[in-house]
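Q: One structure, as structure tokens, below. Some questions next.
The values are calculated or read from the model by the stated rules, or taken from the named source; none is laboratory data. What you see is a predicted model, and the numbers here were worked out from it, not measured in a lab. Because the Cβ atoms are built from the backbone with ideal geometry, glycine has one as well, and the counts that use them run over all protein chains shown. Surface accessibility is based on the protein's heavy atoms, side chains included, excluding ligands, DNA and RNA. Shrake-Rupley method; radii C 1.70, N 1.55, O 1.52, S 1.80 Å.
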Amino acid sequence: MNFRILGTGMCVPQKIITNDDMATIVDTNDEWIRQRVGIAQRHVCTTESAADLAVGAAQSALENAGVRAEELDMILSATVSGDNISPSIACMVQSRIGATCPAYEINAACAAFIFLLETAAGYFARGKAKKILIIGAERLSGITDYSDRGTCVIFGDGAGAAVLGEGDGYRDCVLHVTGGDDVLHIPRSVGASPFYQNEGFPPYIRMKGQETFRYAVSSITSDVNELLTRNNLTKDDIAFVVPHQANIRIIEFASRKLGIPMDKFVVNIDRYGNTSSASIPIALDELARSGRLKQGDNIILTAFGAGLASAACLIKW
Ligand code: UT7
């Protein structure tokens, strides 16, 4: 058995930080951020936890799908910026929405939502689940170095979710990991062991921007082409591409290289910034609720990030 997406949801914290607000924290300006990255604002947590955002997105997706929490057979979450190492966000959501199913978390950074879909596909294929909730939830503000203008202007907080049920919408997926742990890296807090002899790095996102940029453009292009070729589709068969929202220029380069026009790419980075594992489900939720998607449309989700990892999948809506 395969699955289809029954409903989507999202949740972002209330507080909005504009580029002008960022310019009061680091040496930056609205014009640079808009032109080089395409961001106008981002939402950041003040009182909300990552789990709060995840619960909000999950409840919205369940309502949208017309599915009750008790019907879920599995909850899977992804994050790089959860509230705890354990319990996972999936476990916290499970109890807070009143579900009784197993729940666990994976880490595939910004590409994680597609890894979650592929993980869920295994349960459907083995007949182990009829309904699965998947969630990408991030409180990236907690791992952002607000003295580094090269990263702190980029990221935002948020969560996105989808409810999956039996059907035939999920058509194909490619997953890749290529090394490059010095390109994009989020160290864990080093701890206080009296035995450690290395200092480690502060627990903040560290990124070589231009290398990541090049990897992003080439991985989107090759992953999408791989999916098209393998499924005997041309770019004209694709209604929408939902890319990870990391930089508007990455999306524009990929659009040109693929020959898929920009109006088929879903873009919301201007309002949310880069929300890592939440960026694709948030963009998908906005697309689904916009009324632009028609039943039977082919859509491609495509993402890349720390690992370095990339992923893309083909869905018939
Ligand atoms: O989701 C995970 C995947 N992440 C990504 O895909 C991110 C990929 N990388 C990028 O999006 C871009 O590389 C960045 C947005 C991170 C940086 O943009 P860039 O055009 O590659 O800038 P750069 O790092 O080459 O820096 C160019 C200049 C530098 O100044 P100088 O040395 O030329 O004087 C930087 O210091 O821009 C400067 N700069 C800034 N200026 C104003 C860097 N950050 C800022 C800033 N405001 N926030």
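Q: Only one of (1) within 13 Å of the ligand (Cβ to nearest atom); (2) open to solvent by less than 50 Å² (accessible area, probe 1.4 Å); (3) in a helix (DSSP H, G or I) is not met by Leu284, so which one is it?
A: It fails just one condition, (1).
Q: I've got another one for you. Where residues in the stretch 245-274 are of a type in the set (A, V, I, L, M) and under 24 Å from Ala137 (Cα atoms), which of them is nearest to the ligand (Cβ to nearest atom)? Full working, then the answer.
A: From the stretch 245-274, those of a type in the set (A, V, I, L, M) are 246, 248, 250-251, 254, 258, 260, 262, 266-267, 269; that's our starting set.
With under 24 Å from Ala137 (Cα atoms) added as a condition, the list becomes 246, 248, 250-251, 266-267, 269.
Numbers: Ala246: 3, Ile248: 9, Ile250: 6, Ile251: 10, Val266: 16, Val267: 14, Ile269: 10 Å.
Only one residue tops the list, namely Ala246.
Q: Among the residues of the stretch 92-123, which ones are over 28 Å from Gln245 (Cβ atoms), touching a residue at least 24 places away in the same chain (Cβ under 8 Å) and surrounded by fewer than 18 Cβ atoms within 10 Å (Cβ to Cβ)?
A: Gly98, Thr100, Cys101, Pro102 - these are the residues of the stretch 92-123 that are over 28 Å from Gln245 (Cβ atoms), touching a residue at least 24 places away in the same chain (Cβ under 8 Å) and surrounded by fewer than 18 Cβ atoms within 10 Å (Cβ to Cβ).
Q: What single numbered condition from (1) surrounded by fewer than 24 Cβ atoms within 10 Å (Cβ to Cβ); (2) not charged (D, E, K, R); (3) not in a loop (DSSP other than H, G, I, E, B) fails to hold for Ile260?
A: For Ile260, the exception is condition (3).
Q: I'd like the full set of residues that are outside any helix (DSSP H, G or I) and under 19 Å from Val37 (Cβ atoms), limited to the stretch 187-231. Write out each step before concluding.
A: Going residue by residue through the stretch 187-231, those that are outside any helix (DSSP H, G or I) are 187-208, 231.
Selection gives Tyr204, Ile205, Arg206, Met207, Lys208.
Q: Here's another thing I want to ask about it. Considering each of Glu31, Glu70 in turn, give the residue that is surrounded by fewer than 17 Cβ atoms within 10 Å (Cβ to Cβ), within 13 Å of the ligand (Cβ to nearest atom) and modelled with pLDDT of 95 or more. Steps first, please.
A: Working: Glu70 fails: within 13 Å of the ligand (Cβ to nearest atom).
Just one listed residue meets the conditions, Glu31.
Q: Six or more apart or on different chains, Cβ atoms under 8 Å: show the pairs whose first residue is in the stretch 20-38 and touching a residue at least 24 places away in the same chain (Cβ under 8 Å) and whose second is surrounded by fewer than 13 Cβ atoms within 10 Å (Cβ to Cβ) and in a loop (DSSP other than H, G, I, E, B).
A: From the stretch 20-38, the pairs are Val26/Ser147.
Q: Let me ask you something else. For the stretch 179-235, which residues satisfy the criterion of being open to solvent by less than 70 Å² (accessible area, probe 1.4 Å) and among the aromatic types (Phe, Trp, Tyr)?
A: Phe213, Tyr215
Q: So, of the residues in the stretch 142-178 that are open to solvent by less than 30 Å² (accessible area, probe 1.4 Å) and of a type in the set (Ser, Thr, Tyr), which turns out to be nearest to Asp223 (Cα to Cα)?
A: In this case the residue turns out to be Tyr170.
Q: Please state which of the following conditions Pro187 fails to meet, knowing it meets all the rest: (1) away from the ligand (no atom under 16 Å from the Cβ); (2) in contact with a Pro (Cβ under 6 Å, 6 or more places away or on another chain).
A: So the condition that Pro187 fails would be (1).
Q: Is there any pair linking a residue in the stretch 124-141 that is at pLDDT below 95 to one that is open to solvent by 10 Å² or more (accessible area, probe 1.4 Å) and not in a loop (DSSP other than H, G, I, E, B), with Cβ under 9 Å and at least six apart or on different chains, and which?
A: No pair meets every condition.
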